[in-house]
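Read the structure below first, then the notes.
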Amino acid sequence: MSLSRRKFLIRSVQCIVACGLFPGLSACDGITREEVMNDSGYDELVSLIGRERTEILRYASFAPSSHNVQPWTVSIKSPDNWVIGSAEDRWLTEVDPQNREMLLSIGAFLENVVIAAKAHGFQVNIRLLARNPFDPELLSIELQNAQRMEYPLQRLLERRTVRTVFKDEDIDPLDFSFLAGGEESIHYYPRHSTQSTWLDEASVSATKLQIERENVQEELSRWIRWSDAEACKYRNGLTPEALDITGLAGWYVRNFYGSRDVLGKDFRTATVERVKRQIAQSGGWIVVTSENDRISALIETGRCFERMFLSAKDRSVGIHPMSQVLEEPLLSEKAAEMLRLDKPPQFLLRVGYLKDYPSPVSLRMPLDGFTTLNENGKE
């Protein structure tokens with residue numbers, strides 16, 4: 001085969017990969033979440049703090065986070081006293097230099113803790129520790145015995161970010177009311193509204209800005225687990241399946257792609273085209289605001305977001321966080337004005353109805369990957 005023809009074929013497959021085509025051919029799909037879900041550290045935690053408390057931590061670990069970095073840490077001071085913090089080596093310093101998104105993720109993790117704790121018969125008392133977003137210790141929580149509160153915990157396990165195949169239908173007002181749960185910080189913009197159109201255009205602009213920034217692309221490349229071996233090793237980050245790259249394209253990237261390919265021109269160009277296709281296929285946008293930009297407000301907003309996210313499957317609504325606009329200062333400054341909001345937006349979520357809600361695929365770190373116990377952490 002001539003070099004030029006070989007180069008052409010490689011580039012063609014790269015474009016197919018980056019654009020996420022060939023969604024079929026399930027036999028080519030990669031490793032599943034269940035195949036790497038050996039809970040190392042689970043039995044040790046059970047012996048030290050009890051099965052119910054260990055289950056709370058397991059359920060909490062399924063919270064969403066940017067690039068699926070899973071930034072949370074839990075230091076177990078005693079069975080009923082934990083300190084929640086963040087791991088510096090799991091910060092996204094390029095797209096999230098102020099740790100705004102990290103705090104939102106910690107809020108989602110905390111909400112999972114509270115939900116699972118109540119279902120297991122515990123009340124959770126929370127105390128803010130952090131004075132700035134870079135403090136390693138963020139929150140102190142205390143578990144107290146309480147009456148069990150029924151909750152379908154399977155929701156925490158089945159929650160999934162969905163990026164493709166949204167129906168071009170506005171979200172029904174009753175469905176949105178169900179998702180918002182009475183929260184005034186959750187706003188919906190139908191797909192043909194002025195605000196939705198602005199978000200569509202701004203998302204493409206933000207993507208174009210980010211693909212030109214070498215440091216942003218390099219950071220992204222460090223969090224994509226192209227191969228099954230990387231997926232098993234790290235248990236965090238984005239797999240091809242999480243990016244909706246399946247079938248033949250998924251097989252190709254698992255076997256032939258590496259971090260340097262993310263820095264290539266073809267991948268960057270196709271990234272913009274993929275975003276254009278995604279925003280052309282939706283039921284509009286949901287925006288979640290915070291009271292202000294303080295640490296406590298961001299954590300609370302993450303909790304609010306997670307409550308909504310956990311209810312989405314019940315109404316067959318897909319949610320795709322696309323907050324690149326908020327990561328770019330010039331666009332972020334315009335967002336509140338263009339969206340006609342009097343409070344700062346923290347989540348920009350492309351939403352839409354799904355014919356079938358897909359099974360979750362994102363990796364999860366083992367319990368001993370984010371928990372530590374001190375000498376007194378025994379019953």
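Some values worked out for this structure:
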| read-out | value |
| --- | --- |
| Pairs of lysine residues in the chain - Cα separation under 23 Å, sequence separation of 8 or more or cross-chain | 16 |
| Solvent-accessible heavy-atom area per residue, rounded to whole Å², over the chain at 1.4 Å | 46 Å² |
| Cα-centre dipole for the chain with unit charges at Cβ (Lys and Arg positive, Asp and Glu negative), debye to 20 | 1000 debye |
| Amide N of segment 296-312 lying under 20 Å from the label point, which is placed 7 angstrom from the Cα of Val165 along Cα→Cβ | 312 |
| Positive dipole terminus of the chain, leading residue within Tyr257, Thr197, Ile224 (C-beta point charges) | Tyr257 |
| Distance histogram in 10 Å bins (all Cα pairs of segment 217-264, percent per bin) | 29, 61, 9 |
| Normalised contact order of segment 167-245, rounded percent, pairs of Cα under 8 Å and 6 or more residues apart | 15 percent |
| For segment 61-160, alpha-carbon Rg and Dmax in angstrom | 14.0, 44 |
| 25 °C / 0.890 mPa s Stokes-Einstein diffusion coefficient of segment 245-379, Kirkwood radius on C-alpha pairs, µm²/s | 133 µm²/s |
| Spin-label pair Asp43/Arg277, simplified geometry with 7 Å Cα→Cβ offset, distance in nm | 4.6 nm |
| Euclidean distance between Cα centres, segment 237-299 to segment 111-131, Å | 31 Å |
| Protection proxy ranking of 299-306, 129-136 - average other beta-carbon atoms within 10 Å, highest first | 299-306, 129-136 |
| Cα gyration tensor category, rounded, prolate or oblate, for segment 269-344 with a/c compared to 1.5 | oblate |
| Relative contact order %, the chain, counting alpha carbon pairs below 8 Å whose residues are six or more apart | 29 percent |
| The chain, accessible surface, carbon-and-sulfur percent (1.4 angstrom probe) | 50 percent |
| Relative contact order (percent, whole number), segment 298-379, Cα cutoff 8 Å, 6+ residue spacing | 32 percent |
| Over segment 119-198, volume per residue of the alpha carbon convex hull, in Å³ | 212 Å³ |
| Cα centroid separation, segment 163-228 to segment 38-106 (Å) | 25 Å |
| Max mean-square fluctuation residue, GNM over the chain, Cα-Cα springs under 10 Å, options Arg58, Arg148, Arg163 | Arg148 |
| Simple Cβ-charge dipole of segment 167-306, Lys/Arg +1 and Asp/Glu -1, about Cα centre, in debye nearest 20 | 700 debye |
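The values are calculated or read from the model by the stated rules, or taken from the named source; none is laboratory data. Since the model is a prediction, treat every value here as computed from it, not as a measurement. All Cβ positions, glycine included, derive from the backbone under ideal geometry; neighbour counts span all protein chains shown. Surface areas here come from the heavy atoms of the whole protein model, side chains and all, with no ligands, DNA or RNA. Shrake-Rupley method; radii C 1.70, N 1.55, O 1.52, S 1.80 Å.
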